[in-house]
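Shown next, in C-alpha cells, is the structure this report addresses.
The values are calculated or read from the model by the stated rules, or taken from the named source; none is laboratory data. The structure presented is a predicted model; accordingly, all values stated were derived computationally and were not measured. Note: ideal-geometry Cβ built from the backbone for every residue, glycine included; neighbour counts use all protein chains shown.
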Amino acid sequence: MIKLGILDFDTSHTVEFTKRLNQVEGTPKEQLVEGAQIVIGCPGESKLSADRIEGFVVQMKKFGVPLVEKPGDMIGKVDGMLIEAVDGTVHYERAKPFLEAGIPCFIDKPFTCSVADAKKIYELSAKHKAPVFSSSSLRYAPEVVDFVADTKPGKLVGCAVYGPAPLSPIPERNAGLYHYGIHPVEVLYTLMGPGCKRVSNVSEKGVDVVTGHWKDGRVASLRGIRDGQSGYGFTAFSEKGIKTLPVGTSVIYRELLKKIVEFFKTGKPPVDPAITLEIMAFIEAANKSGANHGAGETVQQ
C-alpha cells in the first residue's frame with residue numbers, strides 16, 4: 001500500500017480524496033479507489049481560503065488521519081505527497097521541501113500561476129529525481145476520455161469547450177483563468193493536444209472567450225462562464241462529423257485518483273510535463289490578452 005501525505009486543507013479535495021482512498025465508511029462503493037492511503041496530513045495555511053481549514057480539519061480527524069503542524073514533519077513517513085493548496089501561487093514553495101527530499105508529488109490544480117514557477121518545479125523534480133504530476137479531474141471525465149478514444153469521427157479539426165470560470169476573490173492569487181478556468185482549459189487540451197502558438201481573449205465581467213491557434217492550422221475556442229447557466233461540455237468538429245457533449249462530474253474524483261495512484265506506483269506522470277507547462281503558458285497568454293482588450297498573445301514556454 002502506497003503511503004501518502006496531504007498538505008493544505010483549504011480545499012474540499014482534501015476530504016474528498018481521503019474518503020475515496022481511505023475507504024471511509026459511508027463513501028459509495030463505486031467511488032472507492034484502491035492502492036494508496038492518506039496516512040498523515042498537515043492543515044497548513046491559506047491566504048485565499050483560510051476559513052475553510054478548520055471545518056476540514058474536523059472531518060480529517062473523524063477519518064482517523066494523524067495530523068502534524070509542520071509540513072516537514074511528514075518527510076520520512078510517506079511515499080508520496082498530495083499538494084492541495086487551492087492557491088496555485090504557493091505550489092512551488094509548498095512542494096519544494098518534498099521534491100528536495102526526493103518525494104514524488106501530485107500538485108493539484110492550478111499547477112502554478114506562472115510559467116516561471118512551473119519551470120522551477122520541473123527543474124527541482126529533475127534535479128532530485130522526484131516525479132511531478134498535475135491535472136484537473138475534468139481531464140478524466142468519461143465523456144472526454146471516450147471521445148478521445150473514439151477513432152470513428154476521424155481527426156479533430158477544432159472544438160468549442162465551455163465551463164465555469166469564476167474569478168479568484170484575491171486577483172493576485174490564481175489570476176484570471178488560473179482560478180477555475182483551469183478545468184475547461186484542461187478539457188480543451190485533452191481534446192486538441194499541445195501545439196497552441198497564439199491566443200486572443202475577449203474578457204468581460206461575465207465571461208472569457210478565448211480563441212487558440214494551433215501550429216498545424218487548427219483553431220479552438222473556450223468559453224469561461226461567470227454569468228448565466230453554467231456547466232461543462234464541448235462541441236467537437238471532426239473530419240467526419242460534429243458532436244456536442246455535456247460533461248458530467250459525478251465520477252471525476254475517482255477517475256483522477258486512479259491516475260494519481262498509477263503515478264505513484266510507476267513514477268511516470270500520466271500527463272507529459274511539457275503539456276502541463278504549455279497549459280500554464282496558454283493561461284498566462286490568455287490572461288494577458290484579456291487585460292489588453294483581446295490583443296493576440298504568443299503562448300511562450
So for segment 4-20 (the condition being surrounded by fewer than 20 Cβ atoms within 10 Å (Cβ to Cβ) and either free of Cβ contacts under 8 Å to residues at least 40 places away in the same chain or more than 30 Å from Gly176 (Cα to Cα) (or both)), does at least one residue qualify? no
Those residues of segment 1-49 which are under 20 Å from the mean Cα position of the chain (by Cα), more than 19 Å from Ser250 (Cβ to Cβ) and of a type in the set (A, V, I, L, M) amount to Leu4, Ile6, Leu7, Ala36, Ile38, Leu48
Would you mention how many residues in segment 274-293 are surrounded by 19 or more Cβ atoms within 10 Å (Cβ to Cβ) and either of a type outside the set (A, V, I, L, M) or more than 16 Å from Asp117 (Cα to Cα) (or both)? 8
Picked from segment 1-53 (must be basic (Lys, Arg) and outside any helix (DSSP H, G or I)), the residue nearest to Asp87 (Cα to Cα) is Lys47
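Kindly evaluate Gly195 against the criterion of being surrounded by fewer than 17 Cβ atoms within 10 Å (Cβ to Cβ) and closer than 20 Å to Glu278 by Cα.
Numbers: surrounded by fewer than 17 Cβ atoms within 10 Å (Cβ to Cβ): yes; closer than 20 Å to Glu278 by Cα: yes.
Taking the combined requirement at face value, the residue satisfies it.
Here is a yes/no grid of residues against (1) in contact with a Lys or Arg (Cβ under 6 Å, 6 or more places away or on another chain); (2) of a type in the set (Ser, Thr, Tyr); (3) surrounded by 15 or more Cβ atoms within 10 Å (Cβ to Cβ):
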{"position": "Ser49", "(1), (2), (3)": "no, yes, yes"}
{"position": "Arg52", "(1), (2), (3)": "no, no, yes"}
{"position": "Thr89", "(1), (2), (3)": "yes, yes, yes"}
{"position": "Phe106", "(1), (2), (3)": "no, no, yes"}
{"position": "Ala118", "(1), (2), (3)": "no, no, yes"}
{"position": "Ala130", "(1), (2), (3)": "no, no, yes"}
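Yes or no, residue by residue, for (1) assigned to a helix (DSSP H, G or I); (2) small (Gly, Ala, Ser); (3) assigned by TED's automatic domain parsing to the domain that holds His213; (4) more than 15 Å from the chain's Cα centre (by Cα):
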| residue | (1), (2), (3), (4) |
| --- | --- |
| Val145 | yes, no, yes, yes |
| Val148 | yes, no, yes, yes |
| Val157 | no, no, yes, yes |
| Leu167 | no, no, yes, yes |
| Ile170 | no, no, yes, yes |
| Asn174 | no, no, yes, no |
| Tyr180 | no, no, yes, no |
| Pro184 | yes, no, yes, no |
| Val187 | yes, no, yes, no |
Checking Asp227 against (1) in contact (Cβ under 8 Å) with a residue 24 or more places away in the chain; (2) acidic (Asp, Glu); (3) exposed (fewer than 14 other Cβ atoms within 10 Å of the Cβ), the condition it does not meet: (1)
